[in-house]
Amino acid sequence: MLSDTDASPATSSATTKTTSSAKSPLLDTSKPSNGEYKPEEDYHSSSSPAQNPINSNPGPQIPISWPPNGTLTLDWILNLMAAFEWSSRNLPPSDLPSVLPVSVLDSLILCASKILHKEPNCVRIDDCGENSTVVVVGDVHGQLHDVLFLLRDAGFPSENRFFVFNGDYVDRGAWGLETFLLLLAWKIFLPCRVYLLRGNHESKYCTSVYGFEKEVMTKFGDHGKHVYRKCLGCFEGLPLASIIARHVYTAHGGLFRSVAATPSKRLKGKKKNRRISAGSDPSLLTLGSFDELSKARRSVLDPPWEGSNLIPGDVLWSDPSMNPGLSLNEERGIGLLWGPDCTEIFLKNFDLKLIIRSHEGPDAREKRPGLGGMNEGYTIDHVVESGKLITLFSAPDYPQFQATEERYNNKGAYIVLEPPHFETPVFHSFEAISPRPKVNPYYDYKEVIDSDEELDLASMVSDS
């Protein structure tokens, strides 16, 4: 039976745990640092949470060098984490190449891109064993220090600890490049345990508006355009969705339309090469299938908002609604809105129990009547007969730069899925790392809207 009301986190039967993260996970801020780097000594492994392979070195080894054999190790990644943390607090952004040379960045992105481009649009994670857990992460938006805390709090990726990231690694926050590169390193190290999905901000349009392009140009100067192009190419390879243990669907935005329901129709009285796709006609909208998702062309700089290749835009930009049915997302100008009835149909048709999507922070949710706020880092939006729809947001105290007098002060959250069925979410809410290093924003946050609404579609690449 469909539910007409929003189920708030407080009314959920799922487990919720709240973690305080008052200080940096890698730099001990409880004592004056005087520039001295203090590595964290709490490493979570799959065998014993108390194990600690981190050496108590006085600081990270910089500049970072690419391993001679091209094989990343845990120690290499831990040093990368330490180097990014240290440099964010001790060096100006323009000195990042002294920590991570362009040649090393090129090798990192190239190696990761080769892996990502070979993955299907929807990755299926079926090898979750009885001793495994799956950690699902929502938007992180360049908030490096909160990501470092999350990794430490959840336990680092390992043979028995999977990670699925739902996209939006960059923009708004000041360390989008470091955040994205760090997650690429984890992907290279454990390609079948770490899955990086694409968010709507992993695009040319969003990164040119919300800060990532300027961040890269600031940090890499004369090599900035080169680095930015490398990142855009890598974005195109990120998968769109995942299915975990056969019954949990995750994607950044959510559901998508069928583009094969009816052939494209010619517009009468127009030039014969002008067509309208059946997928863009509101009266013909129906939910798509995983077969259609598998055939969508994701290698586009900006997911199209018109034409025939609409599924990538739907998966990255769509939002749930409390109103029944499937409709065009007129607020955003791209993607869909879907109601609880559509959630039920999607779950039932594909034998799913849970949908975990992201895409909406506290700024967006305050403008969505009928849907819960993002104070705890997650909301349970639809509770239907076949399962639930959850929105997960992992960037606490978001956005980093806020023009309002009062900050949202939201918590971030991640979800842990546990055996045997991996269907019941365990929520872990956490507060933002404090203090964040002082840094200037890379976009005009006082003028740019904070909820991705009212897109300038004319400036997006319409590549169908």
Derived scalar couplings ³J(HN,Hα) [the stretch 77-88; Karplus, 6.51 cos²θ - 1.76 cosθ + 1.60; whole Hz; x for Gly, Pro]: 5, 4, 5, 4, 4, 5, 5, 5, 5, 4, 5, 5
Exposure proxy check: M322, M374 ranked by fewest other beta carbons within 10 Å? M322, M374
Cross-link pairs K114/K230; K348/K388; K17/K411; K187/K411; K204/K230 - those with Cα-Cα distance over 19 Å: K187/K411
Ranked on Cβ counts within 10 Å of their own Cβ, fewest leading, C128, C342 go C128, C342
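Bear in mind that the values in this text are calculations on the coordinates, not laboratory data. Owing to the predicted nature of the structure, the values given are computational and were not obtained by experimental measurement. Neighbour counts are summed over all protein chains in view; Cβ atoms, including those assigned to glycine, are modelled from backbone coordinates with ideal geometry.
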